[in-house]
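Written below as structure tokens is the structure these notes are about.
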Amino acid sequence: AKNRGKNRIVFFDTIMSKQLAIKREKLAMIERGLKNKEFILYLQPKFNVEKKEVVGAEVLVRWVHPTHGLIPPSEFIPYISNSDIEVEFDKYIVSRAFECIDYLYSKGLKVKLSINVSPNALLNEELIEFIRGTLLTELKEKSSMIEIEIIESTSITDLNKASEILGEFNKIGFGISVDDFGTGYASLDYIKALPIDTVKIDRTFVVDMLSDPTNLNVTEVVILLAKAFNKEIVAEGVENIETASALYKLGCNIFQGYLIAKPLPIEDFVDMYHKLNNM
Ligand code: C2E
Ligand code: CA
Ligand code: CA
Ligand code: CA
């Protein structure tokens with residue numbers, strides 16, 4: 001029995017060092033991809049049905065790999081999270097988002113872009129320093145065009161620090177949105193303690209809210225909570241008209257989802273923007 005226990009440890013050791021090797025290899029690939037600017041930003045419109053206009057867009061990264069083609073974030077973000085290159089990656093995304101804003105300006109479009117940032121990177125302070133420093137010349141006119149989406153399901157252990165740093169982002173002019181609201185255990189803490197403007201209802205609730213009464217209830221509660229704290233509400237994962245009208249009746253009028261548009265390369269986004277605004 002003793003021996004078997006020992007073998008088991010050796011076995012897990014092997015698996016763990018294999019996993020570590022894989023992770024290191026992936027991270028090296030990602031770093032190379034970053035250097036070669038293989039990561040591009042797709043944009044997905046947020047549509048206000050009351051105003052009948054596009055009120056913003058979420059920035060969703062894609063990896064255009066030279067041999068593997070288009071790789072979705074689910075296949076590389078997990079490796080980046082909590083790694084050494086997390087902040088570097090976020091800096092890259094912020095820089096490219098500023099370029100997107102330039103491009104959109106050149107097409108006569110003013111669209112607020114939402115960037116996904118993990119609480120880790122946010123609390124690191126390096127990111128905000130980078131934004132303040134390198135992009136300072138751009139900040140005045142552009143910073144009001146950026147919103148940060150923080151993922152709620154990752155716990156922020158130090159709410160005071162988070163509140164302080166988000167306050168700094170606020171001062172620069174960035175908007176703050178809480179992503180995946182309702183999926184974490186800290187929703188109420190977050191909405192009370194942090195200087196957030198917008199709450200996003202997670203797509204896992206929205207997608208099947210009409211067939212799953214629990215998810216409908218959660219959606220309703222999230223909307224009520226957001227309203228009680230006077231926050232803007234965005235529903236993501238809106239795939240059909242029935243869901244949209246149910247959400248609208250509950251008091252949500254900004255939608256993001258396949259019903260409106262898929263995430264699109266920026267050129268296609270410009271066309272879609274005009275199409276949606278002329279509806
Ligand atoms: P998220 O922030 O919750 O982003 C929304 C996801 O829902 C996107 O997946 C989007 O394509 C998808 N989606 C949009 N509309 C619908 C719909 O109607 N139905 C369904 N079923 N899905 C819809 P995507 O682009 O694959 O991104 C997955 C996740 O990867 C994001 O979830 C976000 O957490 C992360 N991510 C994406 N880009 C970045 C980034 O630049 N930085 C970081 N840190 N994370 C990112
Ligand atoms: Ca998001
Ligand atoms: Ca989300
Ligand atoms: Ca998410």
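The values are calculated or read from the model by the stated rules, or taken from the named source; none is laboratory data. Keep in mind that this is a model prediction, so the values were computed, not measured. Here the Cβ is made from the backbone with ideal geometry for all residues, glycine too, and neighbour counts use every protein chain on show. When the accessible area is computed, the model is the full protein with side chains, heavy atoms only, and any ligands, DNA or RNA have been set aside. Shrake-Rupley method; radii C 1.70, N 1.55, O 1.52, S 1.80 Å.
Here are a few things to note about the model shown:
- Pairs meeting the criteria (first residue in region 249-267 and at positive phi and modelled with pLDDT of 95 or more, second residue open to solvent by 30 Å² or more (accessible area, probe 1.4 Å) and not in a helix (DSSP H, G or I), beta carbons under 6 Å, at least 6 apart or on different chains) are G257/E239.
- Taking the criterion of being within 21 Å of I151 (Cβ to Cβ) and either among the β-branched types (V, I, T) or buried (at least 16 other Cβ atoms within 10 Å of the Cβ) (or both), the residues of region 8-33 that qualify are K26, L27, I30.
- Checking each residue of region 139-149 against the condition of being within 23 Å of Q256 (Cα to Cα), in contact with an Asp or Glu (Cβ under 6 Å, 6 or more places away or on another chain) and buried (at least 20 other Cβ atoms within 10 Å of the Cβ) gives at least one match.
- Matching entry among D197, D208 (being among the charged types (D, E, K, R), within 16 Å of ligand 2 (Cβ to nearest atom), surrounded by fewer than 19 Cβ atoms within 10 Å (Cβ to Cβ) and on the phi < 0 side of the Ramachandran plot): D197
- Scanning region 70-83 for any residue that is open to solvent by less than 50 Å² (accessible area, probe 1.4 Å), assigned to a helix (DSSP H, G or I) and either among the charged types (D, E, K, R) or more than 28 Å from V238 (Cβ to Cβ) (or both) turns up nothing.
- The listed residues are E164, E168, and the only one of them that is open to solvent by 80 Å² or more (accessible area, probe 1.4 Å), in a helix (DSSP H, G or I) and either within 16 Å of ligand 4 (Cβ to nearest atom) or charged (D, E, K, R) (or both) turns out to be E164.
- Residue among V64, V55 that alone is of a type in the set (V, I, T), within 16 Å of ligand 2 (Cβ to nearest atom) and touching a strand residue (DSSP E or B) at 6+ places or on another chain (Cβ under 7 Å): V55
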